[in-house]
Amino acid sequence: MKTRITKLLGIEYPLIQGGMAWVAESRLAAAVSEAGGFGIIGAGAAPAAIVREQIRQCRAMTDKPFGVNIMLMNPEAQDIAGVVAEEGVTAVTTGAGNPGRYMADWKAAGIKVIPVVASVAQARMMERAGADAVVAEGMESGGHIGSSTTMTLVPQVADAVEIPVIAAGGIGDGRGLAAAFMLGAEAVQMGTRFVAAKESIAHENYKKKIIAAKDIDSQVTGMSHGHPVRQLRNQMTREYLKLEKEGASFEELEQLTVGALRRAVLEGDIVNGSLMAGQIAGLVGREQTCGEIIREIMEQAAALLERRGS
Ligand code: TUI
């Protein structure tokens, strides 16, 4: 299953791991890359010095290509952008903003740039700015989301740009990968299934909640003030949505979510933490190694795509 993305990144399989804040540290990224996918260190809210350390740790664990995701709302984004250019990872993915101002430095350092987009307009803008590919991320995803579904977004982005498209949002097995290819994608990005991976540092409580989740167990908070975030339903999301319905201010609502992702990932706070996960959580049945996950998905997808071919 060789595509422009496997070629661009120098990887065996067209499968990249989402850059989940707090969860996607060097161990997870190295495990995904070792298994033939593309592992990504999620810089999240980390300071630049920590990101540098994570890159060096990852490099000590694998000689395969890997990348870094930069959440552009992070006040340290500029410093992290510099660290990435200095350390020279294979690719950068970006979320929650426009990476245009960093593009020239990354290109000069030979780094591939892959912005995550939630609309056709953003995809076009990133292509014009010099992006090598885009991740088209549907609202089935966990975390900060746009408003289009993967089914509608991916083919429209694939038609709108010449650069290759990676599909994300709602993909958790080989059927999802095969479907994404039918929509015009040349790789997929998966987050939720890797949160529950053996090599993920997410707290066991968080992993168990994903494994126990049903199809309708996620909720989107923050829609009213333009910051929609998908996470598993718990006391925090119920309280948030109640206050949001009553017209609470952004500042008041934010009190509930400050540090909530960290509490979920590191402390296993499943009551008041933010258990970011996509709608595909209901499909995640057990904790597996990244190698097992990737092999299973690729075998299933290959069988489906072969059957279609015949
Ligand atoms: O970034 C994400 N997902 C995320 S970031 C995140 S960290 C967080 N932590 C606590 C609370 C809230 C967030 C968790 N999940 N996905 C990629 C993505 N990027 N989706 C949508 C966008 C996006 C949004 C605006 C891309 C570009 C953009 O603006 C560009 C422009 O200038 O129009």
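Summary table below
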{"quantity": "Sole residue being in the same structural domain as residue 30 (by TED's automatic domain parsing) and under 20 Å from the mean Cα position of the chain (by Cα), chosen from 260, 196", "calculated": "196"}
{"quantity": "Members of segment 58-72 that are assigned to a loop (DSSP other than H, G, I, E, B), more than 15 Å from the chain's Cα centre (by Cα) and of a type outside the set (S, T, N, Q)", "calculated": "63, 64, 65"}
{"quantity": "Residues that are out of contact with any helix residue (DSSP H, G or I) (no Cβ under 7 Å at 6 or more places or on another chain) and within 14 Å of the ligand (Cβ to nearest atom), drawn from segment 148-167", "calculated": "148, 149, 150, 153"}
{"quantity": "Any hit, segment 140-162, residues being β-branched (Val, Ile, Thr), surrounded by 23 or more Cβ atoms within 10 Å (Cβ to Cβ) and assigned to a strand (DSSP E or B)", "calculated": "no"}
{"quantity": "Residue in segment 128-147 that is away from the ligand (no atom under 13 Å from the Cβ) and under 22 Å from residue 2 (Cα atoms) present", "calculated": "yes"}
{"quantity": "Number of positions in segment 226-265 that are over 21 Å from residue 195 (Cβ atoms) and touching a Leu at 6+ places or on another chain (Cβ under 7 Å)", "calculated": "5"}
{"quantity": "Single unsatisfied condition, residue 281 versus (1) closer than 30 Å to residue 38 by Cβ; (2) outside any helix (DSSP H, G or I); (3) hydrophobic (A, V, I, L, M, F, W, C)", "calculated": "(2)"}
{"quantity": "Selection within segment 99-124 - more than 12 Å from the ligand (Cβ to nearest atom), within 19 Å of residue 39 (Cβ to Cβ) and buried (at least 21 other Cβ atoms within 10 Å of the Cβ)", "calculated": "106, 111, 113"}
{"quantity": "Candidate set: segment 58-76, residues that are more than 16 Å from the ligand (Cβ to nearest atom) and under 9 Å from residue 41 (Cβ atoms); chosen: the one surrounded by the most Cβ atoms within 10 Å (Cβ to Cβ)", "calculated": "66"}
{"quantity": "Residues being in contact with a helix residue (DSSP H, G or I) (Cβ under 8 Å, 6 or more places away or on another chain), within 16 Å of the ligand (Cβ to nearest atom) and not in a helix (DSSP H, G or I) - total across segment 202-226", "calculated": "5"}
{"quantity": "Segment 33-57, residues that are in contact (Cβ under 8 Å) with a residue 12 or more places away in the chain, within 16 Å of the ligand (Cβ to nearest atom) and more than 19 Å from the chain's Cα centre (by Cα)", "calculated": "47"}
{"quantity": "All positions within segment 256-310 that are within 15 Å of the ligand (Cβ to nearest atom), closer than 18 Å to residue 205 by Cα and surrounded by fewer than 18 Cβ atoms within 10 Å (Cβ to Cβ)", "calculated": "259, 262, 266, 272"}
{"quantity": "Residue count, segment 77-98 (criterion: within 13 Å of the ligand (Cβ to nearest atom) and outside any strand (DSSP E or B))", "calculated": "4"}
{"quantity": "Test result for residue 171, assigned to a strand (DSSP E or B), in contact (Cβ under 8 Å) with a residue 60 or more places away in the chain, closer than 20 Å to residue 11 by Cα and in contact with a strand residue (DSSP E or B) (Cβ under 7 Å, 6 or more places away or on another chain)", "calculated": "no"}
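The values are calculated or read from the model by the stated rules, or taken from the named source; none is laboratory data. Here the structure is a predicted model, which is why all the values come from computation and not from measurement. Methodologically, a virtual Cβ is constructed for each residue, glycine included, from the backbone with ideal geometry; neighbour enumeration extends over all protein chains shown.
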